[in-house]
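Novice: This structure is in structure tokens; I'll ask about it shortly.
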Amino acid sequence: MLVTRVHRGETRRQPDELIVEEPMSIQIDGALVSTTMRTPGNDFELAAGFCFTDGLLAGAPVHGVRYCATGSAVDTNFNVVTVETGGRAPVPVPRLTTTSSSCGLCGSASLDELAGRLRPLPQDLLILPSLEVIAAIADRVIGTQGLFKQTGSVHAAAAFDADGAVLLTREDVGRHNAVDKVVGRLLLDGRLPAHQLSLFVSGRASFEIIQKAWAAGFAAVVAVSAPTSLAVQTARQAGMLLAGFIRGDRFNVYSPERLATPAQAIGLASTV
């Protein structure tokens, strides 16, 4: 796309790359679940991750994911994806409105409802990242963000291990979509629950991000920006480490409320 670029009072026309945003309808066994605004790519991961983190699978295994269960994928512009469970998942109640690329749950679930279907994380199975890994992870993930380099207008989510190795990065115009793509990939690979992994997000840590990470079993969430108060409350109820507001080698740990001794907390402190 041609744009007018202004630099020091001078203008010139030149090409620019913009991120694509299109609607995608998600189905379970052919029944509509929701329509979300997303960046095309890794659509099967997004659909599977969305259904899993919202609790729509109810423990049913995913047998397959494909475009458009009722006709040609070309006819629907590859914008309809169905997650197949062989009828084992409950028939979903579709959302009445389109999920935007920024709203996530849009107030459709409360913390009480979330706690009703998810148990606190098993603390003896979690492997937490060190201080050094948390401080360095943003710089490590940025090197894997190809779409951000091209457009500067997408969010990223990444799964990383306790040593700071970035195992998986996904990008999308929506924060929650990027997380669902990561969770969906892990689900399809049989790698959930992710008790030995942590989740990085390039923006703020909102409630819907934490509930998706809790559903996937991540040991920790590390966010570039600060969390919301409900996100902190949710992380504490889940027993999940939540760090945010990363500024170089400085960041805050919001959950748990009080950390144990450095040895017990694997080197973590509440504020660095």
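Novice: Can you pull the one-decimal nm distance between simple spin-label points at THR228 and PHE78, each 7 Å off the Cα toward Cβ?
Specialist: A separation of 3.2 nm, rounded to one decimal place.
Novice: Now a separate question. Net charge within 12 Å of LEU192 by Cβ-Cβ distance, Lys/Arg positive one each and Asp/Glu negative one each, not counting LEU192 itself?
Specialist: That works out to +2.
Novice: What's the local net charge at ASN42, with K and R +1, D and E -1, over the other residues with C-beta under 10 Å away?
Specialist: -1
Novice: Something else: Using a simple spin-label model with points 7 Å from Cα along the Cα→Cβ vector, what separation in nm is obtained for LEU2 and VAL166?
Specialist: 3.5
Novice: With charges set only on the Cβ (+1 for Lys and Arg, -1 for Asp and Glu), what does the dipole of region 123-255 come to about its Cα centre, in debye to the nearest 20?
Specialist: The dipole magnitude comes to about 300 debye.
Novice: Run the quick spin-label model on GLN123 and GLU22: label points 7 Å from Cα toward the beta carbon, then report their separation in nm to one decimal.
Specialist: A separation of 4.8 nm, rounded to one decimal place.
We did not get these values from a lab; they are worked out from the coordinates using the rules stated. Nothing here was measured: the structure is a model prediction, and the numbers come from that model. All Cβ positions, even for glycine, are placed from backbone atoms using ideal geometry, and neighbour counts span all protein chains on display.
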